[in-house]
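Heads up, the thing below is written out as structure tokens.
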Amino acid sequence: MNEPQRPSRTPAPAQTAADDSGLSRRSFVATGAAGVGAAALFAQEARAAAADREDRPISVPDEIPRTRNEAPDPAEFPMNGAQVFARACADEGLEALFCAPGNYQVINAIAAEGIPTYGGRTEGGMCAAADGFIRVTGEGAACSGTEGPG
């Protein structure tokens, strides 16, 4: 019977010129020692900088206390977000909105812009209605669902 041949145990060849990756234990240790020395130097400089900052107290600019005493000027917005969205829909030529009611501010704002809005009980049904509207009329329509699960 043929016995399986055992591989011969030969020592690994030393690093050759063909395998010149530049890595050796000696270069690794030398590089590591240089890094540790640089870190120690930076730590010493950081401590010196922190001591310098402690000598200089923080000063508050004169404008800060002056502005604290001024009355606030409340901002007034001519439109809310729903109205801005509705105006953008009208400007883009939206011809109809199909929706499952839930966000009444947006729905009412779109209706106030003169865009017909159609409500239904489910988002799926209203999506199908919007699809049919677009196919029959060729006009742009949107479908809106409501927040949350369901």
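The values are calculated or read from the model by the stated rules, or taken from the named source; none is laboratory data. Remember, predicted model here, so these are calculated numbers, not experimental data. Ideal geometry is used to build each Cβ from the backbone, glycine not excepted, and the neighbour counts take in all protein chains shown.
State which residue is modelled with the lowest pLDDT when the search covers only the range 134-150 and only residues that are surrounded by 13 or more Cβ atoms within 10 Å (Cβ to Cβ) and in a loop (DSSP other than H, G, I, E, B).
Step by step, filter the range 134-150, then rank; the result is 146.
Where in the range 47-133 are there helices (runs of 4 or more DSSP H), lying fully within it, with 1 or more residues that are under 30 Å from the mean Cα position of the chain (by Cα)? Break it down stepwise before answering.
Numbers: elements: 63-68, 81-91, 104-112.
The qualifying helices (runs of 4 or more DSSP H) are 81-91, 104-112.
Has the range 88-110 got any residue that is buried (at least 16 other Cβ atoms within 10 Å of the Cβ), in contact with a Leu (Cβ under 6 Å, 6 or more places away or on another chain) and not aromatic (Phe, Trp, Tyr)?
Looking through the range 88-110, at least one residue is buried (at least 16 other Cβ atoms within 10 Å of the Cβ), in contact with a Leu (Cβ under 6 Å, 6 or more places away or on another chain) and not aromatic (Phe, Trp, Tyr).
When the range 66-109 is examined, which residues are found to be farther than 30 Å from residue 135 by Cα and among the aromatic types (Phe, Trp, Tyr)?
Answer for the range 66-109, where residues must be farther than 30 Å from residue 135 by Cα and among the aromatic types (Phe, Trp, Tyr): just 77.
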